[in-house]
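Comments concern the structure below.
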Amino acid sequence: MNAFFASGLAVDLVLALMVAEALLLLALHRYAGRGPAPGDWLANLASGFCLLLGVRAVLAGAQWPLLALALIGSLIAHLTDLKQRWR
């Protein structure tokens, strides 16, 4: 189990599930007219996705600029989400 987490496969699995969740929510909203509009959740999901990309980068031994880029992406998505909720 230690190797599963240390290798980053656990993060990869969560990222894949997040993509599947986004696709399911998009399809549900578009074709069935149900569920929340993408504008209501996409920035929030993107923020978490970027954080997980940062974790994955660290586990893979990537250079610090890649981690910084992921954190900046998360910050931008988080601020976008806050702006949308502030209305």
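Observations, loosely collected:
- Checked against (1) without any contact (Cβ under 8 Å) to a residue 12 or more places away in the chain; (2) closer than 27 Å to PHE4 by Cα, LEU79 meets all criteria but (2).
- Residue that is nearest to GLN84 (Cα to Cα), among those in the stretch 1-60 that are out of contact with any Leu (no Cβ under 8 Å at 6 or more places or on another chain) and not in a helix (DSSP H, G or I): ALA37
- For the stretch 33-72, a residue qualifies if it is of a type outside the set (Asp, Glu), more than 26 Å from PHE4 (Cβ to Cβ) and either touching a residue at least 24 places away in the same chain (Cβ under 8 Å) or buried (at least 16 other Cβ atoms within 10 Å of the Cβ) (or both), and the qualifying residues are GLY39, TRP41, LEU42, ALA43, ASN44.
- Looking across the stretch 20-35, just one residue is modelled with pLDDT under 95 and within 18 Å of ALA46 (Cβ to Cβ), and that is GLY35.
The values are calculated or read from the model by the stated rules, or taken from the named source; none is laboratory data. None of the values given here were measured: they were computed from a predicted structure. We place every Cβ from the backbone using ideal geometry, glycine too, and count neighbours over all the protein chains shown.
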